[in-house]
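K.L.:
Before I ask anything, here is the structure I am working with.
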Amino acid sequence: MSESFVVPARFCGPPMSGNGGWVSGHLAQLVEGEEGQGAGAVTVRLRTPPPLDTEMDVTRADDGTVELWDGQTLVAQAISAEPLDTAGTPTPVSFGDAEAVGPSYEGLAEHPFPACFTCGTDRDPADALCLHTGRLPGHKTLRAAAWRPTEVTPEIVWAALDCPGAWASGIAGRAMVLGTMTAQVHDLPAVGGECVVMAWPRGEQGRKFLSGTALYAADGRLLAQAEAVWIAIDPAAVRPA
């Protein structure tokens, strides 16, 4: 039996394409199957921007790889990965401290993708995450965003782990898109609960920028974490194949 997948326009990232974290989170669910969240980490590689409101085909390889196809174009691949090391995640700040750095969010001054579901400044908080990732005082690179979820799915958790890493990696100075994301969801946050997303850079390699992100509950529990590779691009050229 063939499978298909459509990215609703609501979950957009760059113009005309899906939010990389949300799309990756959906593919992760297809890899994990009935085991669900907490089963382990999944790596998703985005080959081209996922189109919106377009029925795409899902295929499965013998090694467990899930592939997403738009006609003859390979859009993304997802496969199980080794568990992420929780020892590398930073100590979270309080929800209040994360909220306090929101006004320093660089996207408020200029945003390469203002309609983005996760961090766009043109979105309604009732319909998107609207995460404002700001630099923490006394830290050169560590950033945080306050988040009070109004709805919770694994896909939305992946989305919350997505864009803060780009802002920690310098998207304000150079536009970039998600290339590869490895994430592990240990537990889902509570709807309406106070959550904090921590984000930090992990280095760069030419046009590639590496980031780490972690999602915490109000009591400091690590709910989810991710490592990502970002690719510097011309924002005007980011369109589905």
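The values are calculated or read from the model by the stated rules, or taken from the named source; none is laboratory data. As the structure is a prediction and not an experimental result, all values here were calculated from the model. For neighbour counting, all protein chains shown are included, and Cβ atoms are generated from backbone atoms with ideal geometry for every residue, glycine included. What goes into the accessible areas is simple: the full protein's heavy atoms, side chains included, and nothing from ligands, DNA or RNA. Shrake-Rupley method; radii C 1.70, N 1.55, O 1.52, S 1.80 Å.
K.L.:
Tally time: how many residues in region 81-112 are touching a helix residue (DSSP H, G or I) at 6+ places or on another chain (Cβ under 9 Å) and at pLDDT below 95?
P.N.:
1
K.L.:
Kindly provide the set of residues from region 200-241 that are over 20 Å from Ala172 (Cβ atoms) and open to solvent by 50 Å² or more (accessible area, probe 1.4 Å), ordered by number.
P.N.:
Within region 200-241, Ala218, Asp219, Arg221, Glu227, Arg239, Ala241 qualify.
K.L.:
Further question on the same structure: Regarding region 106-126, can at least one residue be identified that is without any contact (Cβ under 8 Å) to a residue 60 or more places away in the chain, under 26 Å from Val191 (Cα atoms) and among the acidic types (Asp, Glu)?
P.N.:
Yes - at least one qualifying residue is present in region 106-126.
K.L.:
Has region 89-104 got any residue that is closer than 15 Å to Ala166 by Cα, in contact (Cβ under 8 Å) with a residue 24 or more places away in the chain and either in contact with a His (Cβ under 8 Å, 6 or more places away or on another chain) or among the aliphatic types (A, V, I, L, M) (or both)?
P.N.:
No, region 89-104 has no match at all.
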